[in-house]
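This report refers to the structure that appears directly beneath it.
Derivation of every value follows stated rules applied to the coordinates shown; laboratory data play no part. As the structure is a prediction and not an experimental result, all values here were calculated from the model. All Cβ positions, even for glycine, are placed from backbone atoms using ideal geometry, and neighbour counts span all protein chains on display.
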Amino acid sequence: MQTKVLYLSDLKFNLETWKRELRFHFNEMDTFEEKLEEIAAREYNPRALKPLDQFQNRIMLEKAAISKLLHRIKAKMSSINKADLNENIDGRLQNEQNTLRDDMRDYIRMHYDFKEEMMDYFLKWL
């Protein structure tokens, strides 16, 4: 039972860490939107304005992805909180965690790629 409590505690730590990171990224997308609005308000040449719609669409998609991941984390946390401490560790929770971990890893990689593109754009036009 002690092993399972430690195991569940570790899973909860991962989930809480991911949740904080996703919330940070969500807020970061709001900041990026504000910067895009600044560029649009300055009425630069068409080369500056062309990528704006694409970036705004990608921000909306990223926010949707963040919301879905946060929902999955919440569901996973609920599952952990309902876990029977007397049940044998059968790997079920770990297998579910691995899928979420892989999705988080993919999301984070894509987020930082997108962030680099945004920063390059900002450096060029701000």
Leu52/Phe13 FRET efficiency (R0 41 Å; Cβ-Cβ; nearest 0.05): 0.55
Gain upon complete extension [Ala75, Glu21; 0.36 nm per residue less C-alpha separation]: 17.7 nm
Sequence neighbours fewer than 8 away in the same chain don't count; with that in mind, list the lysines whose C-alpha is under 30 Å from Lys124. Lys35, Lys50, Lys63, Lys115
